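Notes for the one structure printed next.
The values are calculated or read from the model by the stated rules, or taken from the named source; none is laboratory data. What you see is a predicted model; the values in this text were computed from it and never measured. A quick note on method: Cβ atoms are made from the backbone with ideal geometry, for glycine too, and the neighbour counts reach across all protein chains shown.
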There are 4 protein chains.
Amino acid sequence: MDEIEIHELNKVKLKKPVMIEGLPGVGNVGKLVAEHIIHELNAEKILELYSWHFPPQVIVNGDGTVSLCKNVLYAYKSEKQDLLILSGENQSVTNEGQYLITETLLDIAEQYGVSRIYALGGYGIGQLVEKQMVLGAVNRVELVEEMKKYGVEFREGEPGGSIVGASGLLLGLGQLRDIPAICLLGLTSGYLVDPQSARAVLEVLCRALDIEIDMQALKDRAEEMEKIVERLKEMEQAQIPRTRDEELGYIR
Amino acid sequence: MDEIEIHELNKVKLKKPVMIEGLPGVGNVGKLVAEHIIHELNAEKILELYSWHFPPQVIVNGDGTVSLCKNVLYAYKSEKQDLLILSGENQSVTNEGQYLITETLLDIAEQYGVSRIYALGGYGIGQLVEKQMVLGAVNRVELVEEMKKYGVEFREGEPGGSIVGASGLLLGLGQLRDIPAICLLGLTSGYLVDPQSARAVLEVLCRALDIEIDMQALKDRAEEMEKIVERLKEMEQAQIPRTRDEELGYIR
Amino acid sequence: MDEIEIHELNKVKLKKPVMIEGLPGVGNVGKLVAEHIIHELNAEKILELYSWHFPPQVIVNGDGTVSLCKNVLYAYKSEKQDLLILSGENQSVTNEGQYLITETLLDIAEQYGVSRIYALGGYGIGQLVEKQMVLGAVNRVELVEEMKKYGVEFREGEPGGSIVGASGLLLGLGQLRDIPAICLLGLTSGYLVDPQSARAVLEVLCRALDIEIDMQALKDRAEEMEKIVERLKEMEQAQIPRTRDEELGYIR
Amino acid sequence: MDEIEIHELNKVKLKKPVMIEGLPGVGNVGKLVAEHIIHELNAEKILELYSWHFPPQVIVNGDGTVSLCKNVLYAYKSEKQDLLILSGENQSVTNEGQYLITETLLDIAEQYGVSRIYALGGYGIGQLVEKQMVLGAVNRVELVEEMKKYGVEFREGEPGGSIVGASGLLLGLGQLRDIPAICLLGLTSGYLVDPQSARAVLEVLCRALDIEIDMQALKDRAEEMEKIVERLKEMEQAQIPRTRDEELGYIR
C-alpha cells in the first residue's frame, strides 16, 4: 500500500467543473451539505482515496459489512455547471497526511480542469446560534466582493484566526497553484450535528453556483434536530429555577 | 533494520489454509483463542515479524531471558483444514504501522493461498457480561447469512460503529484484495482478561471450520477467572459497610 | 509538495550578512523584534519556506484572504551591515521538522555567506518582570566576553538548562557547521506578549550590530501593554477584599 | 542532516571490547555509572551520534556555551579488558528512533568486534529502597547462571514484565545479531537521582569484568544524596503531627 492510494472507479469528462469539499468537521456541516448534494443530484462515484494517514479502522455498516476509511469523489454533469463533490468518513489524523492528501486532491482537481473550489465547514461559536450566518474566507482578494453578493459575511477577526484541516489547506495550497478557492463556514454551536447550518451554507452555495437543489431532506433533518434542541433547552430551563433557589438559599 | 522485517523460520506447504488472527486487544480475547489453538493443535512456528512500529521494549520471560516485541505466525496441517495462526505480544503503536503491517500480513496470506481470514477479538461493553455472545462483521455481504448459521450475531449499530486495529484492517484491506474475511468479537467487560469470552469465540470458530479442539484448558482458566470475579464482587459488596465504619471511626 | 519547499521571490546579493531569527515563542519576544526591524528598515521579502511540519491550517487575514503557515526571510542592504531577517507564523510542530527546517535555514545562511546568527527569544520566569534583562547563550566560548560588552548577562544555570526549538537548534546545528551564533533571550513573564522585553532585546542587538533603529513603535506597544498589565494588577488587588467579603458573608 | 549522523572523532583499535551502555533513564542509574567509569578511567571520546529523533533543543552549559543533544561513545584500552562506554544527554523520543539508533549502535559494536554488551539502568519500585539489589535480564539463557555468580538477582516477574528503551533494545536487537547482552538494573525509588543504586550496579559490573574502579566519587555523591533523603524524611515526619493538629482543629 502506498502512502496515498487512488482507486479510480469511473473516468468521466467534465467541463470546467467546480469542486465542492465536504469532509467531516465542526457540526459536520460540510459533510451534511456534500452528502445532500450527492444524493439530490444523484452524483456518480468516480474515485476513492485510501491512506495510512486515516485512522487504522473500519466502519461497520448496518448490514454487517465493513468499510475502510476513505475520501470519495463524485461527479455530476449538467448543462449549466459540472461538479466534483468530495466527501468521506475521515480527515487525515497526521499533519503530514493533511498536507499530502490535500496536494493529491489538488492534483486531481487540476487533471479535471477545476475552475474553482468551494470548501465547506462549520464555525463553532460555543453557544446556540440565534441567527444563521455564513462566514467566508478566500484565497484571492477579488473573491471577497463576489461572495458578499451571495450573502457571505466577512468579518475581521472571524473565523477566529485560522482554518484547520482540509478546508483550510485547499485554500492555502490552492493559492500556491493559483486555483481560486472559497471557504464557506456556517455558524454552529459546535456541540451538535447541525443540518440548519448546513442548509444556510447550501443556500449560499446554490446562489453562487446558480443551481437549484431540493432542500426538503435537509429541512426535515433540521426540524428533527430543532425538536431535540428544544427539548434540551426545556431541560436546561427546568434546571434554572432550581439553581436560582439554591443561590437564594445561599445568599440568605 | 527495515521498517518491517520478516524472519522466515520454516517453509511449509499448505492447502488453501484459513488464517486466524488473535493479536492482543480488548479482554485479550483474540490472543487467548489463538494461543489456545496453537497449543492444542501443537502448531508449528514458521515466521516472525519485527517492526519499529512496535513499542521499543523487550518482554522479560520467566527464565530471565528477553523477547523482542513481534508478531508470530504458526502453521497447522491436517486432512480437513490447514491453518495459519497469527499471534504476538503487540500491535503497532502507530497508524502507519497498523496499515503497513496488515498489508504485509495480507501479502503473506496471499503467498500461502489463504482462502479466508478469521480476525478474532473482544467487544467491550463496560459491565460484566450476563450472557455470552459473539458479534460479527464481514467484508462480503454473503458471509453474513453463513456466519449466522454458526451462531454469530449481527446487530445494527453493534459493534459500536468501528473496529480499530489489526482485526478491522484485515477486513478492510482484505476487501480491496478480494480476500473474504470475518471478524468475530466476543462480548466482554473490557476490564479483565476474559477466557469465558474466548471460549465462546472458539466455539463459533470450531463450528465454522468444522474442526474439534479440546477446550478444557480454556474452561479451567475461565473458572479461575470466575472465582476472581466472584471475589471482586464480594469485596465490592463488603466494602460499603466497611467504608461506613471507617468513616464513623474517623468522625468519633 | 516536498517535505520542505522553498519559494525564492527575489535573488539579492548581500555582503557577509548577519542573520536575525525571530520566530514565534515565549512572550513572542523574538517575533516582535524581527517584525519591528523588518518594518523599520523596510526590509525586502526574498524567500518563503513551506513545510508539512507546520500545522495544517491557514491564517485568516483582516481582508478575508488566507495565508498558509510559513517562515519568511527578508533582506536589508546598507553600507554598514547587511541583514537577513527570519520571521513567520509558526515553528515546526514535529521534532524531525525542527531539525530539518533549521538545517535548511543554515543551508540558506551559508549560501548568503552569513557571518553570524542572532537567534532571538524570550525566557519565561512565571511572574512579572521587575527589571528587564537579556540572557545569552553562544555556540563558541569566545562570544561570551564579546556579548557581555553589549549588556548581555550570562548566569550559570540560566536560561534553565535547555533552549528548545529553532533558536536552540540554530546554535547547536550551527556549531557543527562552524557558524558563530548567539541566542538573546529577553526576560518575560511568559503569560503575555511582551514588547517591553522585545525592546530590551532590540537595544542589545543594536549595540551588537552597531546600527540604529527607531524604537517608538515598540515603545508605544510596550506602553499599551503596560496599561493592560496595570489594569490586570488593579483587578487582581480589587478582587481580594471582594473575595473576603464573600467569605465573611458565607461564614456568618 | 541525515536521520542519524555519526561524527567519528578518533579511530582506535580495540581488542574484543565490552560495550557498556549508560544512557539517561530511571534514577539516572545507568548514566551515573557510565560517567563515573569514563571519568575514573579517563576514557577517550571517539564518536558522537546526532539524530532528529532526539529532542529539538540544546543544553546550556555552565560557561554559556550550548551542546546539541547527542549520544557519545568513549574508548578505554588496557591489558585486561578494552571497553567502549556509551553515554549521552538523551534517548530518542520516537519509537522509530529508538529502534534505528540502537541498530546503529549495534553496527558500531560489530565494527569494533564487541564481545558482550552490558546495558545499565534503574528499576523503579516507587518507594525508598531498603536493601540495594541488582536485577538482571539477558539475551542468552546461559548468561543467567554466570551473572548470578557476580551477585545479580533473577526473579520471576521482575523487572516488571518489560524493559523499555535503549537498554531493552540492545538486548532484543542484539539477540537477532547473536551478540550476548546483559541488562543490569539497580533497584531505585524512581523519584531521585540515585548514586547509591549506581554504586551497587558498578560493583556488580567490576566483578563481572574483573576490573577495579575507584568508587570514592560515587560514594561521596551517594552520601550527599542520603543526607538530602534524610532531610526529606524528617520533613515528612515533621509534617504528620501538624496535619493531625489541623484535622483535630477541623473536627472540634
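Please tell me if C:His7 is outside any loop (DSSP other than H, G, I, E, B), modelled with pLDDT of 95 or more and more than 22 Å from C:Leu170 (Cβ to Cβ).
no
Return the residue satisfying two criteria in turn: it lies in region D:70-100 and is acidic (Asp, Glu) and away from chain B (no Cβ under 14 Å), and of such residues it is nearest to C:Tyr99 (Cα to Cα).
Filtering region D:70-100 for residues that are acidic (Asp, Glu) and away from chain B (no Cβ under 14 Å), the one nearest to C:Tyr99 (Cα to Cα) comes out as D:Glu89.
Can you tell me which residue within region C:119-147, out of those that are under 29 Å from C:Lys77 (Cβ atoms) and of a type in the set (Asp, Glu), is nearest to the chain's Cα centre (by Cα)?
C:Glu146
Restricting to region B:99-132, what's the tally of residues that are closer than 17 Å to B:Gly30 by Cα and either free of Cβ contacts under 8 Å to residues at least 60 places away in the same chain or among the polar types (S, T, N, Q) (or both)?
Number of matching residues: 2.
Kindly indicate the residue of region C:48-92 that is in a strand (DSSP E or B) and in contact with a Phe, Trp or Tyr (Cβ under 7 Å, 6 or more places away or on another chain) and also farthest from A:Ile179 (Cα to Cα) among those meeting that condition.
Result: C:Leu83.
Just to be sure I understand, how many residues within region C:137-184 are closer than 29 Å to D:Leu9 by Cα and either without any contact (Cβ under 8 Å) to a residue 24 or more places away in the chain or among the small types (Gly, Ala, Ser) (or both)?
Of the residues in that region, 19 qualify.
Could you list, in sequence order, the residues of region C:69-83 that are closer than 19 Å to C:Ser51 by Cβ and of a type in the set (A, V, I, L, M)?
C:Val72, C:Leu73
Restricting to region A:165-200, count the residues that are among the hydroxyl-bearing types (Ser, Thr, Tyr) and crowded, with 24+ Cβ neighbours inside 10 Å.
3
Which of (1) within 14 Å of another protein chain (Cβ to nearest Cβ); (2) under 19 Å from the mean Cα position of the chain (by Cα); (3) under 30 Å from B:Leu135 (Cβ atoms) does A:Ser67 not meet, given it meets every other one?
Of (1) within 14 Å of another protein chain (Cβ to nearest Cβ); (2) under 19 Å from the mean Cα position of the chain (by Cα); (3) under 30 Å from B:Leu135 (Cβ atoms), only one is false for A:Ser67: (2).
For region B:9-40, which residues satisfy the criterion of being among the β-branched types (Val, Ile, Thr) and closer than 21 Å to B:Leu185 by Cα?
If the condition is that a residue be among the β-branched types (Val, Ile, Thr) and closer than 21 Å to B:Leu185 by Cα, then B:Val18, B:Ile20, B:Val26, B:Val29, B:Val33, B:Ile37, B:Ile38 are the ones that fit.
Among the residues of region B:194-221, write down those that are among the hydrophobic types (A, V, I, L, M, F, W, C), over 23 Å from B:Gly126 (Cβ atoms) and part of a helix (DSSP H, G or I).
Residues satisfying the conditions are B:Leu202, B:Leu205, B:Cys206, B:Ala208, B:Leu209, B:Ala217, B:Leu218.
So which residues in region B:167-191 are more than 10 Å from chain A (Cβ to nearest Cβ) and among the polar types (S, T, N, Q)?
Selection gives B:Thr188, B:Ser189.
Are any residues in region C:49-104 surrounded by fewer than 20 Cβ atoms within 10 Å (Cβ to Cβ), touching a Cys at 6+ places or on another chain (Cβ under 7 Å) and farther than 30 Å from A:Glu146 by Cα, and if so, which ones?
The answer is C:Asn90, and nothing else.
Go through region B:193-219 residue by residue and tally those that are in contact (Cβ under 8 Å) with a residue 12 or more places away in the chain and out of contact with any Gly (no Cβ under 7 Å at 6 or more places or on another chain).
Here the count works out to 16.
What's the number of the condition A:Glu146 fails, among (1) assigned to a helix (DSSP H, G or I); (2) among the acidic types (Asp, Glu); (3) more than 13 Å from chain C (Cβ to nearest Cβ)?
Status for A:Glu146: all satisfied but (3).
Can you pull out the residues in region C:23-63 that are over 15 Å from C:Asn90 (Cα atoms), of a type outside the set (Val, Ile, Thr) and modelled with pLDDT of 95 or more?
C:His36, C:His39, C:Glu40, C:Leu41, C:Asn42, C:Ala43, C:Glu44, C:Lys45, C:Leu47
Among residues belonging to region A:11-27 that are surrounded by 24 or more Cβ atoms within 10 Å (Cβ to Cβ) and under 15 Å from A:Ile179 (Cβ atoms), point out the one that is nearest to the chain's Cα centre (by Cα).
Per the criteria, the residue is A:Glu21.
Find the residue count for region D:157-186, including only residues that are over 16 Å from D:Tyr99 (Cβ atoms), over 11 Å from the mean Cα position of the chain (by Cα), at pLDDT 95 or above and outside any loop (DSSP other than H, G, I, E, B).
Residues in region D:157-186 being over 16 Å from D:Tyr99 (Cβ atoms), over 11 Å from the mean Cα position of the chain (by Cα), at pLDDT 95 or above and outside any loop (DSSP other than H, G, I, E, B): 1 in total.
Since C:Val129 meets every condition but one in (1) part of a loop (DSSP other than H, G, I, E, B); (2) at the interface with chain D (Cβ under 9 Å from one of its Cβ atoms), which condition does it not meet?
Here C:Val129 meets the rest and fails (2).
The rows are residues; the columns are (1) over 24 Å from A:Gln91 (Cβ atoms); (2) touching a Leu at 6+ places or on another chain (Cβ under 9 Å); (3) of a type outside the set (A, V, I, L, M, F, W, C).
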position: A:Ser167; (1), (2), (3): no, yes, yes
position: A:Gly174; (1), (2), (3): no, yes, yes
position: A:Ala198; (1), (2), (3): no, yes, no
position: A:Leu202; (1), (2), (3): no, yes, no
position: A:Arg207; (1), (2), (3): yes, no, yes
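Has region D:105-118 got any residue that is under 19 Å from the mean Cα position of the chain (by Cα), surrounded by fewer than 22 Cβ atoms within 10 Å (Cβ to Cβ), in a strand (DSSP E or B) and more than 10 Å from chain B (Cβ to nearest Cβ)?
So far as region D:105-118 goes, yes, one or more of its residues are under 19 Å from the mean Cα position of the chain (by Cα), surrounded by fewer than 22 Cβ atoms within 10 Å (Cβ to Cβ), in a strand (DSSP E or B) and more than 10 Å from chain B (Cβ to nearest Cβ).
Going by the structure shown, is B:His53 under 29 Å from D:Gly174 (Cβ atoms), touching a Ser or Thr at 6+ places or on another chain (Cβ under 6 Å), within 14 Å of chain D (Cβ to nearest Cβ) and not acidic (Asp, Glu)?
So B:His53 fits the description; yes.
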